[in-house]
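Structure, as structure tokens:
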Amino acid sequence: SESLEIDFQNYRNDLNPELLIASLETLISFIQTQPHNAETLVENLSEVYRYVLSTKASDLVKLTEELKALDGLLYVLNAKYDDHIQLINELTEFDEVYIVPCTLLILLERAVNRSIVSANAKIKITINGSASSQLMFKLEANERLTTSTAGEEKLDKINNAFSYFTGKRISFEKDGMVSTMTIPKIFIDDETNE
């Protein structure tokens, strides 16, 4: 249990410099080629990093907050990949659901890093779930021939955090071009929030 807590602390202290660098490169390109869209890109990029920094000391965040940051990251990534990443949010009942901060952002970043993204190979991500105990993050994409393992350490840390809070880990299933990640939901009773 103590090692899980240490791993969770390490995860919270871990920012993603690769994402920041790639986002800044996209911003530089936008300023040169699409200056009329650069301001919106900056707003979304700042929203994502404001979220990352503001949740750095948080154990859990509301799923609704995570989804807002995910939309910002999606905008930034679509700027880089010419709108070839589609995200479908089918969640209906999630007002009182909590999640480990940056889980969905890291899963999105991992999906992009492990997939071919082009006009002929678009990425489709569907997030769904209900009042049951799990969220589904389904990725339909062409996987790269060689996949990066850069994000796997962060994924291990997220899994350790979920294990710490729920006793469950994110599960992964692959069926052809479809990968499904099942994410445990975290509910907090009103009494424990006091």
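Of all residues being loosely packed, with under 13 Cβ neighbours inside 10 Å and modelled with pLDDT of 90 or more in region 84-96, which is farthest from Gln32 (Cα to Cα)? Just the residue, please.
Keep residues of region 84-96 that are loosely packed, with under 13 Cβ neighbours inside 10 Å, which gives 88, 90, 92-93, 95.
Imposing the further condition that a residue be modelled with pLDDT of 90 or more reduces the set to 88, 90.
Numbers: Ile88: 31, Glu90: 36 Å.
Step by step, filter region 84-96, then rank; the result is Glu90.
Which pairs turn up if I take residues in region 23-36 that are more than 15 Å from Leu77 (Cβ to Cβ) and look for partners that are in a helix (DSSP H, G or I) with beta carbon separation below 7 Å, at least 6 apart in sequence or on another chain?
Ile31/Ala38
Would you pick out the residues in region 48-76 that are among the hydrophobic types (A, V, I, L, M, F, W, C) and in a helix (DSSP H, G or I)? Spell out how you get there, then give the answer.
Step one: list which residues in region 48-76 are among the hydrophobic types (A, V, I, L, M, F, W, C), which gives 48, 52-53, 57, 60-61, 63, 67, 69-70, 73-74, 76.
If the condition is that a residue be among the hydrophobic types (A, V, I, L, M, F, W, C) and in a helix (DSSP H, G or I), then Val48, Val52, Leu53, Leu63, Leu67, Ala69, Leu70, Leu73, Leu74, Val76 are the ones that fit.
Which residue is nearest to the chain's Cα centre (by Cα), if the candidates are limited to region 43-59 and must be buried (at least 21 other Cβ atoms within 10 Å of the Cβ) and under 19 Å from Ala111 (Cα atoms)?
Among residues in region 43-59 that are buried (at least 21 other Cβ atoms within 10 Å of the Cβ) and under 19 Å from Ala111 (Cα atoms), the one nearest to the chain's Cα centre (by Cα) is Val48.
Only one residue in Lys80, Lys122, Lys68, Lys62 is more than 30 Å from Gln32 (Cβ to Cβ) and surrounded by fewer than 21 Cβ atoms within 10 Å (Cβ to Cβ), so which one is that?
Values: Lys80 fails: more than 30 Å from Gln32 (Cβ to Cβ); Lys122 fails: more than 30 Å from Gln32 (Cβ to Cβ); Lys68 fails: more than 30 Å from Gln32 (Cβ to Cβ).
Of the residues listed, the single one that is more than 30 Å from Gln32 (Cβ to Cβ) and surrounded by fewer than 21 Cβ atoms within 10 Å (Cβ to Cβ) is Lys62.
Those residues that are touching a residue at least 12 places away in the same chain (Cβ under 8 Å), out of contact with any helix residue (DSSP H, G or I) (no Cβ under 7 Å at 6 or more places or on another chain) and of a type outside the set (A, V, I, L, M, F, W, C), I need them from region 157-192; list them, please. If you could, list the steps in order and put the result at the bottom.
Step one: filter region 157-192 for residues touching a residue at least 12 places away in the same chain (Cβ under 8 Å), giving 157-158, 160-166, 168-170, 177-188.
Narrowing further to those that are out of contact with any helix residue (DSSP H, G or I) (no Cβ under 7 Å at 6 or more places or on another chain): 162, 165-166, 177-180, 182, 185, 187-188.
If the condition is that a residue be touching a residue at least 12 places away in the same chain (Cβ under 8 Å), out of contact with any helix residue (DSSP H, G or I) (no Cβ under 7 Å at 6 or more places or on another chain) and of a type outside the set (A, V, I, L, M, F, W, C), then Thr166, Ser179, Thr180, Thr182, Lys185 are the ones that fit.
In region 82-133, how many are under 11 Å from the mean Cα position of the chain (by Cα), part of a helix (DSSP H, G or I) and of a type outside the set (A, V, I, L, M, F, W, C)?
Within region 82-133, residues that are under 11 Å from the mean Cα position of the chain (by Cα), part of a helix (DSSP H, G or I) and of a type outside the set (A, V, I, L, M, F, W, C) number 3.
Exactly one condition in (1) within 24 Å of Ile21 (Cα to Cα); (2) in a loop (DSSP other than H, G, I, E, B) is not met by Ala79; state its number.
Unmet for Ala79, out of (1) within 24 Å of Ile21 (Cα to Cα); (2) in a loop (DSSP other than H, G, I, E, B): (2).
Just to be sure before I move on: is Leu145 touching a Gly at 6+ places or on another chain (Cβ under 7 Å) and outside any helix (DSSP H, G or I) in the structure I sent?
Numbers: touching a Gly at 6+ places or on another chain (Cβ under 7 Å): no; outside any helix (DSSP H, G or I): yes.
Taking the combined requirement at face value, the residue does not satisfy it.
Select from region 77-93 the residues that are in contact with a Leu (Cβ under 7 Å, 6 or more places away or on another chain) and touching a residue at least 40 places away in the same chain (Cβ under 8 Å) and write down the one among them that is nearest to Ile188 (Cα to Cα).
Leu87
The values are calculated or read from the model by the stated rules, or taken from the named source; none is laboratory data. Since this is a predicted model, take the numbers as computed values, not measurements. Don't worry about glycine lacking a Cβ; one is built from the backbone with ideal geometry, like all the others, and counts go over all protein chains shown.
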